[in-house]
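To start, the structure under review is shown below, and the notes come after it.
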Amino acid sequence: MEAPLLQILLNGLLIGGIYAMASIGVTLIWGVMNFINFASGQTVMLGMYVTLVTTTALGIDPLIGVIASTILLFPLGLLIEKSIISPIISSPRLYQLVVSLALGLMIENVALMLWGGEIMLMPKVGSMKLLSQVLVVGPLRMTPAKALPLPAAILLTIALHYFLTRTRTGLGIRAVAQNSYAANLMGIDINRAYFLTWGVGLSFMGLAGGLLMLFQPVYPAVGWEFILISFMAVTMGGAGSYLGSLVGSELIGVIESLSGFFLIPAIRQVIYLTIFILVLFVRPQGLFPTKEVG
């Protein structure tokens, strides 16, 4: 029983790495702009398609496709913030939620028009031949493709911490997150901070989608699986806390893996939703509450 349990825990930690990267992008936008991005799942899905299409159409290596997805979603985030988010950032929260949901539906339908509704897999070309090999470490089995997201999430969390605490631009973003009015009086460009926040946030989601594409099929509606998980991870960890998002995502991954094995797999979402509600009853501010992004 010990070996299967270790395998289940490992699977949960590895999938939690994917959840973490998408959730950190959500918590960055939420913490800085107080804007809940319910289009996060669709941007992860878009990152999956970008990785797949750049690999198959351009003939580049899948890992280069992951990098392309990370880079290309940065200007997309800038475009969305300037054209859609900026005009309604001062509107009531309900308007913001409706706009973000509409944005997600728009991205999903664009993907449906461009690539159709069929399920698509990453072909075994280039580095995929190695990434899809099963590695056996004692009683544990994994593929390199599934092992990549967790260390990537940890490294990106450290990089984001350095960016927000050691660079002039990052400190400006933190100042805007803490008190936008005072930051404006100090000469910090609030609009620029919001602009960059969306770019960086969508880059994280693009990277999450790219790494996910290495071992999971993609279809236009796959993004809905990540919206609820990202929101729960951010809320459980503490809005604005990227460390909390990382821990919350890993908890959800482990809970999902354990409940899928010991109980009926179809009710695994019910299990982690129940635990999520119980955590909020005990700590409504989240596990790592913070008054500023960080």
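The values are calculated or read from the model by the stated rules, or taken from the named source; none is laboratory data. Keep in mind that this is a model prediction, so the values were computed, not measured. All Cβ positions, glycine included, derive from the backbone under ideal geometry; neighbour counts span all protein chains shown.
Working only within region 176-187, note down all residues that are among the hydrophobic types (A, V, I, L, M, F, W, C) and surrounded by fewer than 17 Cβ atoms within 10 Å (Cβ to Cβ).
Result: A182, L185, M186.
If a residue has to be touching a helix residue (DSSP H, G or I) at 6+ places or on another chain (Cβ under 6 Å), farther than 17 Å from M120 by Cβ and either surrounded by fewer than 22 Cβ atoms within 10 Å (Cβ to Cβ) or not hydroxyl-bearing (S, T, Y) (or both) to count, how many in region 195-215 make the cut? Please lay out each step first, then the result.
Filtering region 195-215 for residues touching a helix residue (DSSP H, G or I) at 6+ places or on another chain (Cβ under 6 Å) gives 195, 197-199, 201-215.
Okay, now just the ones that are also farther than 17 Å from M120 by Cβ, so 195, 197-199, 201-208.
Then keep just the ones that are either surrounded by fewer than 22 Cβ atoms within 10 Å (Cβ to Cβ) or not hydroxyl-bearing (S, T, Y) (or both); that gives 195, 198-199, 201-202, 204-208.
So the count comes out to 10.
What residue, of I173, I188, is more than 30 Å from I271 (Cβ to Cβ), of a type in the set (V, I, T) and without any contact (Cβ under 8 Å) to a residue 24 or more places away in the chain?
Just a single option satisfies the conditions, and that option is I188.
Against the condition of a type in the set (G, A, S) and modelled with pLDDT of 90 or more, how does G17 come out, does it pass?
Working: of a type in the set (G, A, S): yes; modelled with pLDDT of 90 or more: no.
Answer is no for this residue.
Looking at (1) closer than 30 Å to G126 by Cα; (2) more than 21 Å from the chain's Cα centre (by Cα); (3) free of Cβ contacts under 8 Å to residues at least 60 places away in the same chain, which one does I88 not meet, given that it meets all the others?
With (1) closer than 30 Å to G126 by Cα; (2) more than 21 Å from the chain's Cα centre (by Cα); (3) free of Cβ contacts under 8 Å to residues at least 60 places away in the same chain applied to I88, the lone miss is (1).
A quick yes/no check of all residues on (1) surrounded by 17 or more Cβ atoms within 10 Å (Cβ to Cβ); (2) of a type in the set (A, V, I, L, M, F, W, C); (3) under 27 Å from L251 (Cβ atoms); (4) out of contact with any strand residue (DSSP E or B) (no Cβ under 7 Å at 6 or more places or on another chain):
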| site | (1), (2), (3), (4) |
| --- | --- |
| L28 | yes, yes, yes, yes |
| F38 | yes, yes, yes, yes |
| T43 | yes, no, yes, yes |
| I64 | no, yes, no, yes |
| L73 | yes, yes, yes, yes |
| N109 | no, no, no, yes |
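So which residues in region 249-269 are out of contact with any Ser or Thr (no Cβ under 7 Å at 6 or more places or on another chain), modelled with pLDDT of 75 or more and under 19 Å from I227 (Cβ atoms)?
E250, L251, I252, G253, I255, E256 - these are the residues of region 249-269 that are out of contact with any Ser or Thr (no Cβ under 7 Å at 6 or more places or on another chain), modelled with pLDDT of 75 or more and under 19 Å from I227 (Cβ atoms).
Assess whether A22 counts as being under 24 Å from Y272 (Cα atoms), at pLDDT below 85, aliphatic (A, V, I, L, M) and touching a Ser or Thr at 6+ places or on another chain (Cβ under 8 Å).
Considered against the rule, which asks whether it is under 24 Å from Y272 (Cα atoms), at pLDDT below 85, aliphatic (A, V, I, L, M) and touching a Ser or Thr at 6+ places or on another chain (Cβ under 8 Å), A22 comes out as yes.
Does region 211-220 include one or more residues that are within 18 Å of V53 (Cβ to Cβ), assigned to a helix (DSSP H, G or I), of a type in the set (A, V, I, L, M, F, W, C) and within 13 Å of the chain's Cα centre (by Cα)?
Yes: one or more hits.
Could you list, in sequence order, the residues of region 134-167 that are surrounded by 13 or more Cβ atoms within 10 Å (Cβ to Cβ), closer than 18 Å to T197 by Cα and without any contact (Cβ under 8 Å) to a residue 60 or more places away in the chain?
F163, the sole residue that qualifies.
Out of (1) hydrophobic (A, V, I, L, M, F, W, C); (2) free of Cβ contacts under 8 Å to residues at least 12 places away in the same chain; (3) in a loop (DSSP other than H, G, I, E, B), what's the single condition that is false for I36?
Only one criterion in (1) hydrophobic (A, V, I, L, M, F, W, C); (2) free of Cβ contacts under 8 Å to residues at least 12 places away in the same chain; (3) in a loop (DSSP other than H, G, I, E, B) is unmet by I36, namely (2).
Looking at G260 and the list (1) buried (at least 16 other Cβ atoms within 10 Å of the Cβ); (2) touching a residue at least 40 places away in the same chain (Cβ under 8 Å); (3) assigned to a helix (DSSP H, G or I), which single condition is not satisfied?
So G260 meets the others, but not (2).
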